[in-house]
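Encoded as structure tokens, the structure appears first; notes follow it.
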Amino acid sequence: MAPRPLEITDLLWSIDADGTPLAVPQAEVVDRLMALGQRRAARIVSAIPAADGVLDTGYVDALGFRVHCELQRLGEELQLARRVAALLSPIIEMVRLNSTGPVRIVDVGCGLGFVVRALAASSALGGDVELVGVDLNPLLVAEARRLAEREGLTCRFEQGDAFKPDLAIRDGARCIVISSGFVHHLPESGLAEFFAAQSWLGVAAFAHWDIAPCLWSTLGAWVFHYARMREPVSRHDGVLSARRAYPASKLQQAAQIGAPGYDIQVLEGSRWHPRALDVLRPIVGTRP
Ligand SMILES: C[S@@+](CC[C@H](N)C(=O)[O-])C[C@H]1O[C@@H](n2cnc3c(N)ncnc32)[C@H](O)[C@@H]1O
């Protein structure tokens, strides 16, 4: 099996187990990309300022912020927060019926926390729903917190690893784990483990939105990223995301292995009436 190509944003930061950012040697990143034949990506990384062979943290952080702002715009175009709320509402209702206390939604790999902030701003899910965003990258977590504070929102953000969701999940039975544009960042060998981490904590449900890979999504990603995005990194990673995303069958198989006690469905759009919005579709698992 050919190795999966890499997204540049997966290589620009290195975070240790305590969440502390580590120096990233530029040559190491360029070599990894070249070894996979990703010449354009290697050229983009070579153009990033570096000192003593290490990528300039200030530059990379500012770049990361701009790239995630562009990603947020894509989330807005795809009406992600509204669709997340529509899917979660009946699941939350079930959780409320089965037990008492607040319900918690945890968005793993939340980036700038766009979905969590939008849900908090709309109050679409009800006052008893706690909204928590988790991301590995402390820069994005700090920015998500700052934006939520400025917007006066009731939600919170934590630095943490999606494979160790116990940081944000306390009472699994009243918790729903979500993500958007995140699952394709995981290695194929880690997919079942990702679902297993949620199953092990006994979450009420999970719903992970990611790109449905097909000719149309790749073409659409290319058009959208070249028309609407300015950063070469966004354009590169955005188009590659559509190519790297996992097909429904692979997600379903991994979820069934990792979370065998859950009812699992990938909610693909109609093949005969494709809608642009369905380029992002969720894999949903609910505990019977
Ligand atoms: C493509 S971004 C998606 C951001 C956001 N969900 C959105 O839709 O705009 C993927 C995010 O996953 C985060 N990430 C990658 N691996 C992670 C892990 N193991 N645990 C938590 N977050 C992770 C990255 O830092 C990045 O912010």
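What the table below lists for this structure:
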{"item": "Percent breakdown of C-alpha pair distances by 10 Å bin, ordered from the shortest bin, for the stretch 8-71", "result": "21, 53, 25, 1"}
{"item": "Sulfur and carbon atoms: percent of accessible area, the stretch 79-286 [1.4 Å]", "result": "57 percent"}
{"item": "Centroid-to-centroid separation of the stretch 253-278 and the stretch 32-62 [C-alpha atoms, Å]", "result": "35 Å"}
{"item": "Heavy-atom accessible area order for His185, His68, His208, His273, largest first, 1.4 Å probe", "result": "His273, His185, His68, His208"}
{"item": "FRET efficiency for Phe65 and Arg243, using Cβ-Cβ distance with R0 set to 22 Å, rounded to 0.05", "result": "0.30"}
{"item": "Built amide H within the under 5 Å cut-off of Glu158, gap 5+", "result": "Gly133, Val134, Asp135"}
{"item": "Net lengthening on full extension, Ile257/His273 (0.36 nm per residue, minus Cα-Cα)", "result": "2.6 nm"}
{"item": "Residues of the stretch 1-39 with amide N under 19 Å of the 7 Å Cα→Cβ point at Ser46", "result": "6-9, 11-12, 25-39"}
{"item": "5 angstrom amide H check on Gly113, placed H, neighbours 5+ away", "result": "none"}
{"item": "Structure-based [θ]222 nm, the chain - -39500 (n - 2.57) summed over DSSP H runs of at least 4, per residue, nearest 500", "result": "-14000 deg cm²/dmol"}
{"item": "Protein-only accessible surface order, largest first, of Glu7, Glu268, Glu188 at 1.4 Å", "result": "Glu268, Glu188, Glu7"}
{"item": "Relative compactness, the stretch 115-200, computed as alpha-carbon Rg over 2.2 N^0.38 Å", "result": "1.13"}
{"item": "Column: log10 I(q)/I(0), Debye, Cα scatterers of the chain, q = 0.08, 0.09 Å⁻¹", "result": "-0.33, -0.42"}
{"item": "Mean separation of Cα contacts under 8 Å, 6 or more apart, over the residue count of the chain: relative contact order %", "result": "16 percent"}
{"item": "Computed over the stretch 151-288, Cα set: Rg, Dmax in Å", "result": "16.0, 45"}
{"item": "Ordering of 212-220, 107-115 by burial proxy (mean other Cβ atoms within 10 Å per residue, highest first)", "result": "107-115, 212-220"}
{"item": "Within a Gaussian network of the chain (alpha carbon springs, distance under 10 Å), most fluctuating of Gln159, Gln26, Gln38", "result": "Gln38"}
{"item": "Rg to Rh quotient for the stretch 85-231, alpha carbon positions, Kirkwood Rh", "result": "0.98"}
{"item": "Förster radius 30 Å - calculated FRET efficiency between Ala124 and Thr20, Cβ distance, rounded to 0.05", "result": "0.25"}
{"item": "Separation between Cα centres of the stretch 129-191 and the stretch 1-31, rounded to whole Å", "result": "20 Å"}
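The values are calculated or read from the model by the stated rules, or taken from the named source; none is laboratory data. The model shown is predicted, which means the values in this text are computed figures rather than measured ones. Glycine gets a Cβ as well: all are built from the backbone with ideal geometry, and neighbour counts include every protein chain shown. Only protein heavy atoms, including side chains, enter the accessible area calculation; ligands, DNA and RNA are left aside. Shrake-Rupley method; radii C 1.70, N 1.55, O 1.52, S 1.80 Å.
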